[in-house]
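Engineer: Below you'll find the structure I mean.
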Ligand code: PMT
């Protein structure tokens with residue numbers, strides 16, 4: 001899996017730097033191209049020359065050491081990488097990354113890269129357990145970074161506990177496993193919907209809901225990481241289009257229906273996480289409605305159920321719906337799975353703590369037509385999305401082949 005992969009190995013300053021030497025050597029032996037970027041503190045433990053000899057590549061240590069005037073070194077290598085591995089990652093470098101600080105070569109590369117990032121922390125057990133470090137790691141997880149947890153045992157500082165940089169072979173196993181699962185959607189087209197729709201009443205007012213788009217955007221990011229070609233059809237949100245994803249903005253349920261149908265035939269997998277309006281005002285007034293009496297009745301009409309339409313038109317697509325419920329969530333979700341002819345459904349009870357609209361986390365029961373039911377405990381929407389993509393890939397392969 002590693003042959004030909006372009007890997008940046010970020011090395012920050014801790015005693016575990018010696019293991020990064022073995023890591024470099026093992027990665028090169030497996031056919032990867034490795035460019036090492038070191039912090040100043042890392043150079044207190046091992047010199048850049050060691051990494052240069054092991055990687056047979058120049059080592060990057062100084063943002064201002066621009067050797068080639070036609071390039072800006074930190075951007076150039078950030079763009080070059082297929083994958084970034086930060087090992088060992090100290091509490092300091094994790095803190096900088098979580099807070100967007102870029103004051104040396106390693107931190108500028110880390111912020112500039114769009115490649116998937118794996119972080120293998122190494123530090124004293126109490127530092128690892130410190131709430132500030134935990135919080136920074138959680139933030140990074142929410143940004144989509146993956147962690148390779150440290151091992152437990154005797155630490156160089158004399159303590160026994162969790163904080164030891166994971167062994168190079170284990171780190172490589174994790175990367176290989178990840179690359180294998182990333183390749184799973186290679187060549188597949190994934191269509192995702194996200195966010196709310198807005199249904200106008202008059203030139204100043206509209207009906208909408210609390211969807212922020214976070215769940216759908218996280219799914220788009222994770223589907224891209226799994227190798228898919230991703231199109232995201234999104235209602236109005238304040239989120240930025242994820243890197244390498246084609247985003248199409250829509251406002252109303254009708255706009256979303258049109259765009260989804262245009263892309264449906266060429267899609268392999270469709271995930272409908274958008275919170276689409278079920279009703280819209282029957283007429284949109286040309287002029288602002290003026291206050292007259294104490295009560296105002298507005299006549300609403302049904303919008304088209306996009307998901308049900310897709311279920312009816314389904315050929316080979318693997319179709320995943322969501323169900324946002326407030327009671328009997330699994331019962332109602334199962335009903336939607338059958339009624340809308342879906343392959344799977346992600347059910348969230350939006351009254352559960354940490355679940356549903358606007359939150360950074362979700363709690364999901366994932367049910368497939370093929371008979372699986374997986375409970376996903378409260379976790380960040382990125383973690384939930386990653387798990388969902390893995391389950392979809394697994395079920396898609398079992399059902400289709
Ligand atoms: O965006 P976030 O703030 O991150 O919140 C995430 C979420 C709560 C919006 C998401 O997890 C979620 O539950 N999305 C589905 C919301 C919803 O509309 O659920 P529903 O049970 O009303 O609809 C069932 C399914 O039918 C959904 O896949 C929906 O996209 C689809 N539908 C509904 C109505 C309609 N007219 N057309 C549709 O396609």
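The values are calculated or read from the model by the stated rules, or taken from the named source; none is laboratory data. Since the structure is predicted, the reported quantities are computational estimates derived from the model, not experimental observations. Positions of Cβ are generated from backbone atoms using ideal geometry, with glycine treated the same way; all protein chains shown enter the neighbour counts.
Engineer: Among all residue pairs at least 6 apart or on different chains, which show Cβ distances below 8 Å where the first residue, located in the range 278-296, is in contact (Cβ under 8 Å) with a residue 40 or more places away in the chain and the second is within 16 Å of the ligand (Cβ to nearest atom) and assigned to a loop (DSSP other than H, G, I, E, B)?
Structural biologist: Correct list of pairs: 279/303; 280/252; 280/303.
Engineer: OK, next. Based on what the data block shows, is residue 245 touching a strand residue (DSSP E or B) at 6+ places or on another chain (Cβ under 9 Å), without any contact (Cβ under 8 Å) to a residue 40 or more places away in the chain, surrounded by 15 or more Cβ atoms within 10 Å (Cβ to Cβ) and closer than 14 Å to residue 193 by Cα? Can you show your working first?
Structural biologist: Values: touching a strand residue (DSSP E or B) at 6+ places or on another chain (Cβ under 9 Å): yes; without any contact (Cβ under 8 Å) to a residue 40 or more places away in the chain: yes; surrounded by 15 or more Cβ atoms within 10 Å (Cβ to Cβ): yes; closer than 14 Å to residue 193 by Cα: yes.
Against the criterion (touching a strand residue (DSSP E or B) at 6+ places or on another chain (Cβ under 9 Å), without any contact (Cβ under 8 Å) to a residue 40 or more places away in the chain, surrounded by 15 or more Cβ atoms within 10 Å (Cβ to Cβ) and closer than 14 Å to residue 193 by Cα), residue 245 qualifies.
Engineer: Only one residue in 10, 31 is outside any helix (DSSP H, G or I) and either within 21 Å of residue 164 (Cβ to Cβ) or in contact with a helix residue (DSSP H, G or I) (Cβ under 9 Å, 6 or more places away or on another chain) (or both). Which one?
Structural biologist: Of the residues listed, the single one that is outside any helix (DSSP H, G or I) and either within 21 Å of residue 164 (Cβ to Cβ) or in contact with a helix residue (DSSP H, G or I) (Cβ under 9 Å, 6 or more places away or on another chain) (or both) is 10.
Engineer: Restricting attention to the range 318-343, which residues are in contact with a helix residue (DSSP H, G or I) (Cβ under 9 Å, 6 or more places away or on another chain) and within 21 Å of residue 195 (Cβ to Cβ)?
Structural biologist: 319, 320, 321, 322, 323, 325, 336, 340, 342
Engineer: Right, here's the next one. Tell me which residues, restricted to the range 356-372, are touching a residue at least 40 places away in the same chain (Cβ under 8 Å), surrounded by fewer than 19 Cβ atoms within 10 Å (Cβ to Cβ) and either on the phi > 0 side of the Ramachandran plot or not in a loop (DSSP other than H, G, I, E, B) (or both).
Structural biologist: Scanning the range 356-372 gives a single hit, 358.
Engineer: Right, another one. When you scan the range 242-266, how many residues do you find that are part of a loop (DSSP other than H, G, I, E, B) and either within 12 Å of the ligand (Cβ to nearest atom) or touching a helix residue (DSSP H, G or I) at 6+ places or on another chain (Cβ under 9 Å) (or both)?
Structural biologist: Step one: of the range 242-266, the residues part of a loop (DSSP other than H, G, I, E, B) are 242-245, 250-252, 265-266.
Imposing the further condition that a residue be either within 12 Å of the ligand (Cβ to nearest atom) or touching a helix residue (DSSP H, G or I) at 6+ places or on another chain (Cβ under 9 Å) (or both) reduces the set to 242-245, 250, 252, 265.
Looking only at that region, the number is 7.
Engineer: Another question, if that's okay. Within the range 340-354, restricting attention to residues that are near the ligand (Cβ under 10 Å from one of its atoms) and outside any loop (DSSP other than H, G, I, E, B), which residue is nearest to the chain's Cα centre (by Cα)?
Structural biologist: 346
Engineer: With part of a strand (DSSP E or B), in contact with a strand residue (DSSP E or B) (Cβ under 7 Å, 6 or more places away or on another chain) and away from the ligand (no atom under 16 Å from the Cβ) as the only criterion, which of 320, 230 stands out? Give the derivation first.
Structural biologist: Numbers: 320 fails: away from the ligand (no atom under 16 Å from the Cβ).
Answer to the check: 230.
Engineer: Checking the condition buried (at least 16 other Cβ atoms within 10 Å of the Cβ) and within 30 Å of residue 72 (Cα to Cα), which residue from 155, 106 passes?
Structural biologist: 106
Engineer: Which one of the conditions (1) buried (at least 20 other Cβ atoms within 10 Å of the Cβ); (2) part of a loop (DSSP other than H, G, I, E, B) does residue 3 fail to meet, given that it meets all the rest?
Structural biologist: (1)
Engineer: For residues in the range 34-54 being free of Cβ contacts under 8 Å to residues at least 40 places away in the same chain and assigned to a loop (DSSP other than H, G, I, E, B), which is surrounded by the most Cβ atoms within 10 Å (Cβ to Cβ)?
Structural biologist: The extreme case among them is 46.
Engineer: Can you tell me which residues in the range 301-317 are more than 10 Å from the ligand (Cβ to nearest atom) and free of Cβ contacts under 8 Å to residues at least 40 places away in the same chain? Even if it seems obvious, please write down each step before you answer.
Structural biologist: Going residue by residue through the range 301-317, those that are more than 10 Å from the ligand (Cβ to nearest atom) are 301, 312-317.
If the condition is that a residue be more than 10 Å from the ligand (Cβ to nearest atom) and free of Cβ contacts under 8 Å to residues at least 40 places away in the same chain, then 301, 312, 314 are the ones that fit.
Engineer: Test residue 10 against the stated conditions and say whether it is crowded, with 22+ Cβ neighbours inside 10 Å and under 17 Å from residue 171 (Cα atoms).
Structural biologist: In short, yes.
Engineer: So, residue 240, is that one free of Cβ contacts under 8 Å to residues at least 60 places away in the same chain, under 25 Å from residue 379 (Cα atoms) and under 20 Å from the mean Cα position of the chain (by Cα) or not?
Structural biologist: Yes, satisfied.
Engineer: When the residues of the range 67-108 are filtered to those that are at pLDDT 95 or above and out of contact with any helix residue (DSSP H, G or I) (no Cβ under 9 Å at 6 or more places or on another chain), which remaining residue is farthest from residue 9 (Cα to Cα)?
Structural biologist: 92
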